[in-house]
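Chemist: One structure is given below, represented as structure tokens, and several questions about it will come after.
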Amino acid sequence: MQEIFIALGGGLLQAFEPLNLFMIFTGCLAGLFVGCMPGLGSVNGVAILLPVTFLVPPTAAIIFLAALYYGAMYGGAISSITLGIPGASTAVATVFDGRPMAQQGKADKALMAAAIASFIGGTVSIILFTLFAPPLAAFALKFGPQEEFALMLLAFATFIGLGGDDIPKTIFSILLGLVMAAVGFDIISGQPRMIFFDMVELQRGIGFLVLAIGIYGIGEMLWTLESTKGKVQMHSVKITWQRIKGNFRQIKEYINSTWVGSFLGFFVGTLPAAGATPASLMSYGLSKTFSKDPDSFGKGNVAGVAAPEAANNAASTGSMLPMITLGIPGSPTTAILLGGMIIWGLRPGPLLFTESPDFVWGLIGSMYVANTVTVLLNIAMIPIFIRVLAMPFTLLTPIIFALCVLGVFATTDRMFDTWVMLLLGVGGYLMRKLNYPVAPAVLAIVLGPLAERSLRQSLISAQGDVTTFVTRPISLTCVILAALLIAYPIIQKLMRKKREASPAG
Amino acid sequence: MTVRTAELLMGLATLLLSLGLMWNVWSDGLRIGWVEGRGPGAGMWPFWLSGGMALASLATIVRWFLGKTPESRSTEPYVARETLFLVVVSAAALLTLLILMNIVGTYIALMLFMLFYVRYLGGHSWAMTSAFVIGTPIFVYLLFEVALTKYLPKGLPIFEEGFLWLDNFRWQYFY
């Protein structure tokens, strides 16, 4: 316990270094911006800006991206409340009550509640993170390739069991990501694989950033252009110092839902498929169920804004827990962060705590600081962001497109990758319109090489005996959990059929 | 094209893609099974996973015939007419941007892209347009070439020559 405090102190000191503090500020600002722009969320911001972070050392870079992740969770509420369109998918549940509140002229109250709930959610979650991360990493040090592979199996199984999307399409998306990761030279035998039409450029493989920027940059912008038709409509917000003070006194109205959201968000956030969006929806549902006045939800109950906002912030921190300790990302955003860590030359996984303590604790320290910075920036800059939201999409889109193209080029110095990015972006857009989930593919392309290596290492060390995955206790637990998760939708379906059948017969 | 048709076509396309991937691995002569004394072959992972993709696509097609998914019953247009324009034009503009980057170089291509997007697609004022057309290349130059020390594509030699003059100027006076 004492070591945690000492390390945390060091991390906090690191967070206050001028460069890192500057990164926190710019990251929070960028996050608030991408969060509040409809169509852009944390994952888009992180994917598009990752290439730019090569300017600074890895610790500063991850601090920037983590702060961006945070800021986006706060920012999402701004457009959910003032525009009535979620600024990011994570803020969908905020619309339910945020929109009616804005229509009643209480937008400022909703925005304040969102900011305060986010702050509490974030803080609770960072404290849990600090307490859980070191023991979990120490435990994960015992993992061999079998456990690593079983854990990844579990991560993919959560998408099938809890993702809520069409199951064959989810499986397709996961496998496509894994296969794309295999393009290029085989990591073990060194043989070239899947070099289509003998294109030499493919020998270096398809970078995860090419897919991530293609899908979350190009594809997402096409999607947004279509859904907003390039125009936005908004509600006016009155903010005065007097009203801000008044709003602080009303915290009691929503503090309970905030606590529920904070704890729920953290634990849901640690699951790979779940993340911030389902966490916020679950938290909204729970607060509604346990509320004394459930009917007022959806008609402008401030607790309905606080609950999902606390949960999505808590979940964003929660999703970093498996990324840092196990090397398994808890959300698409952390999948991209994980890929970034590999580019920066770090090996994600339990060894990170012992090999790069400065990196890990600097990140943890920065999360405490970033949370405070974001809540202050958020409240101070609400009027400015509301003006930013009025910015037409035809101005934002070309900037994003240019950043996507140049960002992909800058990471690999190859024009070829930008072509692949455009192809994947358009393909991703077309598939997304048919409800193919895209997040599993991004997670899979990041985890692909790691999963393949751990599978083959396990098989080699076990002389081709596949039972090696079920004879080791930790690995067996993961495999059983994965099997249960995959079976879960089927069981659910059978139960529903039974229930439907029983009243009739 | 309705969503229903698109769903079937996508299912067929993904099936073909998966089979193509399997054939590609197979025809490259990669071992897809156990190699005696060496462990799993290099083709095992991509081959069997592509096989899984093919099965998943088949499942989607079967579910289409059974009408199980909401998409397979929807007769709404896949891409609505009024939005089709914006999406297709955006994608085409990006494609043109990439092609032009190879011919006239990043900077001129970006300026043309901004001109097209802001003025013609967005219908913004000339003041806003010129701010974008002039501002973007300057920002990109400072961020990517100066700060990140990347050499962005400069296009055909004749355009590259012109640009080298600017770069020389920078190296001569600023370092």
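Chemist: Can you tally the net charge around B:Glu71? Count Lys and Arg as +1, Asp and Glu as -1, for every other residue whose Cβ sits under 13 Å from the Cβ of B:Glu71. Spell out each step's value before the answer.
Modeler: Working: positive: A:Lys169, A:Arg432, A:Lys433, B:Arg4, B:Arg63, B:Lys68, B:Arg73; negative: A:Asp165, A:Asp166, B:Glu7, B:Glu76.
Counting the neighbours of B:Glu71, the net charge comes to +3.
Chemist: Shifting gears a bit: Can you compute the modelled spin-label distance between A:Ile127 and A:Arg499, with each label point 7 Å from Cα toward Cβ, in nm?
Modeler: For A:Ile127 paired with A:Arg499, the spin-label model returns 3.7 nm.
Chemist: Just tell me how shielded A:409-419 is by partners: mean number of partner chain Cβ atoms within 10 Å of each residue's Cβ, no decimals.
Modeler: Values: counts 8, 8, 2, 0, 4, 0, 5, 0, 0, 6, 3.
The mean count of partner-chain Cβ atoms within 10 Å per residue comes to 3.
Chemist: Report, as an integer, the average count of C-beta atoms from other chains found within 10 Å of each Cβ along B:146-152.
Modeler: On the way: counts 0, 3, 8, 3, 7, 3, 6.
Mean shielding by partner chains, rounded to a whole number: 4.
Chemist: Then there is this: Where Lys and Arg each count +1 and Asp and Glu each count -1, what net charge lies around A:Gln203 among other residues with Cβ under 12 Å from its Cβ? If you can, show how the numbers build up before the last one.
Modeler: Details: positive: A:Arg193, A:Arg204, A:Arg414; negative: A:Asp186, A:Asp198, A:Glu201.
Neighbourhood net charge equals 0.
Chemist: What is the dipole size for segment A:52-156, taken about its Cα centre, with +1 at each Lys and Arg Cβ and -1 at each Asp and Glu Cβ, in debye to the nearest 20? Walk me through the numbers before you get to the answer.
Modeler: On the way: 4 positive and 4 negative charges, 50 e Å.
That gives a dipole near 240 debye.
Chemist: Compute the FRET efficiency between A:Thr372 and B:Phe65 as 1/(1 + (r/R0)^6), taking r as their Cβ-Cβ distance and R0 = 56 Å, and round to the nearest 0.05. Before the final figure, lay out the partial values.
Modeler: On the way: r = 56 Å, r/R0 = 1.01.
Computed FRET efficiency for A:Thr372 and B:Phe65: 0.50.
Chemist: For segment B:1-77, which trypsin sites (Lys or Arg not before Pro) pass both filters: DSSP loop (anything but H, G, I, E, B) and at most 10 other C-beta atoms within 10 Å?
Modeler: Numbers: sites: B:Arg4, B:Arg31, B:Arg38, B:Arg63, B:Lys68, B:Arg73; in loops: B:Arg31, B:Arg38, B:Lys68.
Here no loop site has a sparse enough neighbourhood.
Chemist: Here's a follow-up. Give me the distance in nm between label points sitting 7 Å out from Cα along the Cα-to-Cβ direction at B:Leu115 and A:Phe139, one decimal.
Modeler: Those two pseudo-labels are separated by 6.2 nm.
Chemist: Under a point spin-label approximation (7 Å from Cα along Cα-to-Cβ), what is the A:Met1-A:Ile480 distance to one decimal in nm?
Modeler: 3.2
Chemist: Turning to a different aspect of this structure: At q = 0.08, 0.09, 0.12 Å⁻¹, what log₁₀ I(q)/I(0) does a Debye calculation on the Cα points of the protein assembly as shown give, no solvent, two decimals?
Modeler: -0.62, -0.79, -1.45
Chemist: Considering only C-alpha atoms, what is the centroid distance from segment A:1-62 to segment B:139-175, in Å?
Modeler: 29
Chemist: Note the full-extension length gain between A:Gln191 and A:Glu17 as 0.36 nm times their separation in residues minus their Cα-Cα distance, in nm to one decimal.
Modeler: Details: separation 174, 0.36 × 174 = 62.64 nm, distance 4.58 nm.
Fully extending the segment from A:Gln191 to A:Glu17 adds 58.1 nm.
Chemist: Averaged over peptide A:157-168, how many Cβ atoms belonging to another chain are found within 10 Å of each residue's Cβ? Working shown, then result.
Modeler: Values: counts 0, 0, 0, 0, 0, 0, 0, 0, 0, 8, 4, 13.
Mean shielding count: 2.
Chemist: Cross-link list A:Lys245/A:Lys292; A:Lys252/A:Lys292; A:Lys252/A:Lys288; A:Lys169/A:Lys497; A:Lys106/A:Lys288: which exceed 18 angstrom alpha carbon to alpha carbon? Mind dumping the intermediate values first?
Modeler: Numbers: A:Lys245/A:Lys292 26 Å; A:Lys252/A:Lys292 14 Å; A:Lys252/A:Lys288 16 Å; A:Lys169/A:Lys497 23 Å; A:Lys106/A:Lys288 20 Å.
From the list (A:Lys245/A:Lys292; A:Lys252/A:Lys292; A:Lys252/A:Lys288; A:Lys169/A:Lys497; A:Lys106/A:Lys288), the Cα-Cα distance tops 18 Å for A:Lys245/A:Lys292; A:Lys169/A:Lys497; A:Lys106/A:Lys288.
Chemist: Which part of segment B:93-117 falls in the paramagnetic zone of B:Ile158, meaning amide N under 12 Å from the point 7 Å along Cα-to-beta-carbon?
Modeler: So the set is B:104.
Chemist: What is segment B:20-96 by shape, rounded, prolate or oblate, if you read a ≥ b ≥ c off the alpha carbon gyration tensor as root eigenvalues and call it rounded for a/c under 1.5, prolate for a/b larger than b/c, and oblate otherwise?
Modeler: Taking the square roots of the gyration eigenvalues as a ≥ b ≥ c, segment B:20-96 is oblate.
Chemist: Is the shape of segment A:359-420 rounded, prolate or oblate, going by the alpha carbon gyration tensor and its root eigenvalues a ≥ b ≥ c, with a/c under 1.5 for rounded and a/b larger than b/c for prolate?
Modeler: Working: a/c = 5.96, a/b = 1.28, b/c = 4.64.
Cα axes put segment A:359-420 in the oblate bin.
Chemist: Between A:Ile490 and B:Trp126, how high is the FRET efficiency from 1/(1 + (r/R0)^6) when r is the Cβ-Cβ distance and R₀ = 56 Å? Nearest 0.05.
Modeler: Working: r = 61 Å, r/R0 = 1.09.
Efficiency, from the Cβ-Cβ distance: 0.40.
Chemist: Give me P(r) over segment A:322-408, computed from all C-alpha to C-alpha distances, binned every 10 Å, as integer percentages.
Modeler: 14, 29, 31, 23, 4
Chemist: By how many nm would the segment from A:Thr26 to A:Val470 lengthen if fully extended, with 0.36 nm per residue of separation less the alpha-carbon distance? Numbers along the way, then the final one.
Modeler: Working: separation 444, 0.36 × 444 = 159.84 nm, distance 4.71 nm.
Separation in residues times 0.36 nm, less the Cα-Cα distance, equals 155.1 nm.
Chemist: Go through A:414-424, A:458-468, A:57-67 and give me the packing order, highest mean Cβ count within 10 Å leading.
Modeler: Details: A:414-424: 19.6, A:458-468: 14.5, A:57-67: 25.4.
Order by mean packing, descending: A:57-67, A:414-424, A:458-468.
Chemist: Would you be so kind as to identify all helices of chain A, as entire DSSP H runs, whose Cα atoms reach 30 Å or more along the helix's own axis and whose mean Kyte-Doolittle hydropathy is at least -1.0?
Modeler: Values: long enough: A:58-82 (36 Å, 1.26); A:107-140 (46 Å, 1.59); A:357-389 (41 Å, 1.46); A:439-461 (32 Å, 0.94); A:473-504 (45 Å, 0.72).
What comes out of the filter, once short or polar helices are dropped, is A:58-82, A:107-140, A:357-389, A:439-461, A:473-504.
Chemist: Another question, if that's okay. Applying 1/(1 + (r/R0)^6) with R0 = 51 Å to the Cβ-Cβ distance of B:Arg81 and A:Gln463, what FRET efficiency is obtained, to the nearest 0.05?
Modeler: For R0 = 51 Å, the calculated efficiency reads 0.25.
Chemist: Give the distance, in whole Å, between the Cα centre of segment B:61-112 and the Cα centre of segment A:428-466.
Modeler: Here the answer is 27 Å between Cα centres.
Chemist: Turning to a different aspect of this structure: Roughly how many Å is it from the Cα centre of segment A:182-230 to that of segment A:252-271, as a whole number?
Modeler: Going from one Cα centre to the other spans 36 Å.
Chemist: I would also like to ask the following. For a quick check, take a GNM of chain B with Cα springs below 10 Å and name the residue from B:Thr60, B:Thr96, B:Thr149 with the largest mean-square fluctuation.
Modeler: Comparing B:Thr60, B:Thr96, B:Thr149 in a Gaussian network model of chain B, the most mobile one is B:Thr149.
Bear in mind that the values in this text are calculations on the coordinates, not laboratory data. These numbers were taken from a predicted model, which means no experiment stands behind them. FYI the Cβ positions are ideal-geometry reconstructions off the backbone, even for glycines, and counts take in every protein chain you see.
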